[in-house]
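Q: Just passing along the structure, written as C-alpha cells.
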Amino acid sequence: MNAHGIVHKYGDHVDTDVIIPARYLNSQDHKELASHCMVDIDAGFVGKVKDGDIMVAGVNFGCGSSREHAPVAIKASGISCVIAKNFARIFYRNAINIGLAILECPAASEGIENGDEVSVDYDTGVITNITKNETYQAEPFPEFIMDMIQKGGLMASIQK
C-alpha cells in the first residue's frame, strides 16, 4: 500500500479546532465535514485538495480537543496520508481508528514544501519527495496497524 500526491503543508501546533472548527461539528456526514476541513487557516484547501494528496505539518499536529471529526474530515477530503514531526497522541489514535495513515518523520516535515509531489511506501516507511529528488525514512507501521489502515480503521478491521 502506497500514497502519492501533492503536498498541502501546515505549521506547528495545528489543533483540531483548526482542522474542523467547532461550528461544523453538528454533522456526522463525512463529506460535509470534509467541505470545512482547514477552512480557518487555508480557506482554499477544499478547492485544491485531490484524492491521494498528502498533508505535511510540523510538531504536535492534532493537538487540542479529542474529537474524532478531525481525522475524519482530513480523510474524507481526499488526503491519503499525514506526515508530521509528531502528533498529539489522541489524534494519532483517532487517525488509526478511522484508517487515516499518519507518519512521524521530522526530516520529511522540514524538507518537504507546499506543492511538492511526494510518494510514501508504507511497507518500508520511505517517503520520496519527487519534486526535490530526496528521500526520508519514517518508521514503517507495525503489521497490525497497517492491517487496520488497509481495512478502513479499527471497527472495519474487527468486522472483517
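The values are calculated or read from the model by the stated rules, or taken from the named source; none is laboratory data. In this text, all values refer to a predicted model and were calculated from it rather than measured experimentally. Every residue, glycine among them, receives a Cβ derived from its backbone with ideal geometry; neighbour counts consider all protein chains shown. Protein only, heavy atoms only, side chains kept; ligands, DNA and RNA dropped before computing areas. Shrake-Rupley method; radii C 1.70, N 1.55, O 1.52, S 1.80 Å.
Q: On the accessible surface of the chain, probed at 1.4 Å, how many percent belong to carbon and sulfur atoms?
A: Carbon with sulfur: 50 percent of the solvent-accessible area.
Q: So for the chain: antiparallel DSSP bridges make up what percent, rounded to the nearest 5?
A: Expressed as a percentage, antiparallel bridges in the chain total about 50.
Q: To continue, here is another question. When all protein chains stay in place, what accessible area (Å², nearest 10, 1.4 Å probe) is found for Ser80?
A: Accessible surface of Ser80 is approximately 40 Å².
Q: Sort Val59, Val46 from largest to smallest accessible area, using a 1.4 Å probe on the heavy atoms of the protein chains.
A: Largest accessible area first, the list is Val46, Val59.
Q: Which value in deg cm²/dmol, rounded to the nearest 500, describes the helix-derived mean residue ellipticity at 222 nm for the chain, given -39,500 (n - 2.57) per DSSP H run of n ≥ 4 and division by the residue count?
A: Roughly -8000 deg cm²/dmol at 222 nm, from the helical runs in the chain.
Q: So how much accessible area does Ser27 have, in Å² to the nearest 10, using a 1.4 Å probe?
A: 20 Å²
Q: Can you list which of the chymotrypsin sites (Phe, Trp or Tyr not before Pro) found in segment 79-160 are DSSP loop residues with at most 15 other C-beta atoms within 10 Å?
A: Those that pass, being in a loop and sparsely packed, number zero.
Q: Once the cut-off is 13 Å, how many percent of the Cα-Cα pairs in segment 52-116 end up in the long-distance tail? Show your work: numbers first, answer last.
A: Numbers: 1198 of 2080 pairs.
Tail of the P(r) past 13 Å holds 58 percent of the pairs.
Q: In Å², what does the accessible area per residue of the chain work out to with a 1.4 Å probe?
A: Roughly 46 Å² per residue, with all protein chains present.
Q: Can you sort His8, His36 by solvent-accessible area, 1.4 Å probe, largest first?
A: His36, His8
Q: Could you work out how far the C-alpha centroid of segment 32-57 sits from that of segment 132-160, in angstrom?
A: 21 Å
Q: Take segment 93-143, compute every pairwise Cα distance, and split them into 5 Å bins from 0; I just need the percent in each bin.
A: Percent of Cα pairs in each bin: 5, 20, 28, 24, 15, 7, 1.
Q: A further question on this structure: Show Thr16, Thr131 ordered by accessible area, largest first, where the area counts protein heavy atoms only and the probe is 1.4 Å.
A: Most to least solvent-accessible, the answer reads Thr131, Thr16.
Q: With N residues in the chain, what two-decimal value do you get for its Cα radius of gyration over 2.2 N^0.38 Å?
A: That ratio works out to 0.95.
Q: A further question follows. Please name which of Gln137, Ala156, Gly115 has its Cα lying farthest along the dipole of segment 17-160 towards the positive end, using unit charges on Cβ (Lys, Arg +1; Asp, Glu -1) and the Cα centre as origin.
A: Ala156
Q: Please report, to two decimal places, log10 I(q)/I(0) for segment 1-50 at q = 0.13, 0.21, 0.23 Å⁻¹ as given by the Debye formula with identical point scatterers on the Cα atoms and no solvent.
A: The Cα Debye sum returns log10 ratios of -0.34, -0.82, -0.93.
Q: Anyone know which of Pro142, Pro21, Pro106 comes out most mobile in the 10 Å Cα GNM of the chain?
A: Pro142
Q: Between Asp15 and Gln28, how many nm apart are label points set 7 Å from Cα along the C-beta direction?
A: So the label points at Asp15 and Gln28 sit 2.7 nm apart.
Q: Turning to a different aspect of this structure: Pairs of Cα atoms under 8 Å, at least six residues apart: use those to get the relative contact order of segment 86-156, whole percent.
A: Normalised by residue count, the contact order of segment 86-156 is 36 percent.
Q: Mind checking the full-extension length gain between His4 and Asp40? Use 0.36 nm per residue of separation minus the Cα-Cα distance, one decimal, nm.
A: 10.4 nm
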